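Accompanying notes for the structure given below.
Bear in mind that the values in this text are calculations on the coordinates, not laboratory data. Bear in mind the structure is a predicted one, so any value in this text is a computation, not a measurement. All Cβ positions, glycine included, derive from the backbone under ideal geometry; neighbour counts span all protein chains shown.
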């Protein structure tokens with residue numbers, strides 16, 4: 001299956017809704033705050049950075065941050081947000097694909113990959129993006145991964161499935177966004193199929209989460 005039209009569609013969708021989406025995403029998720037607390041390193045990575053709200057957390061514990069998103073519209077929002085804060089750690093904003101990261105191997109000490117994995121339109125791409133995260137993590141590095149789950153109260157399903165979730169703009173226009181909704185078992189299976197090493201896998205607020213390491217030498 002050719003995933004390129006779906007991947008382009010996700011990028012175009014977030015370019016279209018970037019301003020309004022960013023305005024509704026002011027604060028970091030508590031799970032991300034908890035993960036970043038008392039963790040530090042040289043390089044931080046915010047993968048699927050959106051408007052950069054989690055890049056600010058990474059900046060507190062690292063010497064520099066790479067903030068990567070496929071949407072130029074969201075990166076523009078992130079640039080404006082970072083410029084308006086007192087963050088002194090350099091934050092480099094980069095347009096890139098989660099399944100093919102423009103980042104050198106083994107350099108990232110601390111990463112967050114939240115609310116993005118579920119937008120990739122095939123299992124092959126989702127596992128490839130987890131492999132990319134493993135590739136860029138430094139020895140001893142840690143990352144937090146999250147995805148929407150069937151345990152969310154808006155869904156009534158046990159197995160993972162593809163769907164669209166509309167974003168409603170201020171003028172009432174509804175813009176569909178692709179999601180793959182993970183079952184907890186499927187989320188763990190994709191982690192196990194990747195080169196990441198799960199350290200802690202849990203559920204919170206209708207999402208699947210995992211704290212992961214690079215998994216060097218892991219048999220896949």
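Projected label points at residue 168 and residue 34, each 7 Å from Cα along the beta carbon direction, are separated by 3.1 nanometres. Spin-label model, residue 95 to residue 216: label points 7 Å out along the Cα-to-beta-carbon direction sit 3.4 nm apart. Computed per residue of the chain from DSSP H runs no shorter than four, each worth -39500 (n - 2.57), the mean residue ellipticity at 222 nm is -10000 deg cm²/dmol. Exposure proxy for 165, 91, 43: other Cβ atoms within 10 Å of each Cβ, ordered fewest to most, give 165, 43, 91.
Cα centroid separation, the range 154-220 to the range 95-117: 16 Å. Note on residue 60/residue 156: beta-carbon distance plugged into 1/(1 + (r/R0)^6) with R0 of 30 Å gives a FRET efficiency of 0.15. Of the beta bridges in the range 4-213, as assigned by DSSP with both residues counted there, near 50 percent are antiparallel. Residues 142, 126 in ascending order of nearby Cβ atoms (within 10 Å, fewest first): 142, 126. Counted by neighbouring Cβ atoms within 10 Å, the residues 167, 29 run from fewest to most as 167, 29.
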